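In what follows, a structure is listed as structure tokens, so that the remarks can point back to it.
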Amino acid sequence: MALNLPFPQGQAEAPAANVDFDHVHRLVLDLSNPEMREEAMHELSKKREDVPELAPILWYSFGTIACLLQEIVAVYPLLSPPRLKPAQSTRVCNALALLQCVASHRDTRTLFLNAHIPLFLYPFLNTVTKTRPFELLRLTSLGVIGALVKIDDSEVINFLLSTELIPLCLRIMETGSELSKTVATFIVQKILLDDLGLSYVCATAPRFYAVSSVLSTMVQQLVVSPSLRLLKHIIRCYLRLADNSKYAEIHRFTALFLSVLRLT
């Protein structure tokens with residue numbers, strides 16, 4: 001399964017000139033058949049870039065979103081104690097990839113939020129097992145949230161702030177793999193860039209210091225395992241925190257120091 005990360009990874013593929021929509025619709029119908037669902041999810045997840053209108057097709061097809069959510073809920077019992085196998089992880093990640101398609105589309109994003117579908121992903125973000133099946137599950141779930149925040153939309157930020165997303169992201173930023181840390185930090189950065197998100201984080205000292213201490217820990221970790229891409233997102237978080245008058249001096253200096261460090 002190809003990961004579709006929320007930040008730029010090079011030039012995107014152009015949609016295929018000749019898409020067989022009859023085949024696409026047959027695959028969507030196959031999602032309702034438990035015996036054909038796994039292969040249909042796999043094939044559709046590969047066609048996300050080729051079929052720009054796949055998201056509305058998925059959303060408005062009878063029972064399709066319920067089938068994808070069924071795939072997600074089916075692996076909950078395997079999370080604790082951790083018993084998720086690679087094939088099971090790949091299968092649910094294909095379902096998540098289709099949900100990411102729905103989350104990123106302008107015509108289905110609000111519907112996706114109103115149905116509170118992101119909440120179904122939080123048990124995956126809450127896992128701490130470091131085996132590859134769990135890491136892939138966390139990373140793909142982060143990709144769905146990343147697709148939501150990639151487009152600047154206060155409605156999205158307002159919804160996410162009403163949930164436990166920030167604490168989940170902070171833990172991944174502190175203990176996850178480099179790629180998971182990068183996507184989680186990108187999500188926190190996009191939340192902070194929204195005025196509502198910045199106000200939320202800086203509203204109380206515990207919230208502010210929770211974010212600040214994790215960023216500080218990440219900087220210390222970068223001394224051992226450098227990552228310019230991750231450092232870039234950390235700097236942007238610090239710069240945004242410095243826009244808040246209560247904590248401006250603390251983070252303006254830190255952001256300046258890290259920016260100089262990045263250039264050296």
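The values are calculated or read from the model by the stated rules, or taken from the named source; none is laboratory data. Keep in mind the model is a prediction, meaning the values are calculated, not measured. For neighbour counting, all protein chains shown are included, and Cβ atoms are generated from backbone atoms with ideal geometry for every residue, glycine included. To get the accessible areas, we keep the full protein, side chains included, count just its heavy atoms, and leave off ligands, DNA and RNA. Shrake-Rupley method; radii C 1.70, N 1.55, O 1.52, S 1.80 Å.
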In this structure, does T108 turn out to be modelled with pLDDT of 95 or more and closer than 23 Å to A87 by Cα?
no
In this structure, is I151 aliphatic (A, V, I, L, M), in contact with a Leu (Cβ under 6 Å, 6 or more places away or on another chain) and either closer than 25 Å to R48 by Cα or open to solvent by less than 20 Å² (accessible area, probe 1.4 Å) (or both)?
no
Return yes or no: is S141 open to solvent by 60 Å² or more (accessible area, probe 1.4 Å) and small (G, A, S)?
no
Residues of the range 37-58 that turn out to be of a type outside the set (K, R), without any contact (Cβ under 8 Å) to a residue 40 or more places away in the chain and closer than 14 Å to Q70 by Cβ, as a count
1
Filter result for the condition that a residue is hydroxyl-bearing (S, T, Y) and under 22 Å from L198 (Cα atoms), over S154, S141:
S154
Filter the range 126-153 for residues that are out of contact with any Ser or Thr (no Cβ under 9 Å at 6 or more places or on another chain) and among the aliphatic types (A, V, I, L, M); the one that is farthest from R83 (Cα to Cα) is V149
Regarding F124, is this residue of a type outside the set (G, A, S), more than 21 Å from M173 (Cβ to Cβ), modelled with pLDDT of 95 or more and surrounded by 16 or more Cβ atoms within 10 Å (Cβ to Cβ)?
no
Check the range 114-126 and report whether any residue there is more than 19 Å from E43 (Cβ to Cβ), in contact with a Cys (Cβ under 9 Å, 6 or more places away or on another chain), assigned to a helix (DSSP H, G or I) and not small (G, A, S).
yes
Please verify whether the range 148-167 includes one or more residues that are in a loop (DSSP other than H, G, I, E, B) and without any contact (Cβ under 8 Å) to a residue 40 or more places away in the chain.
yes
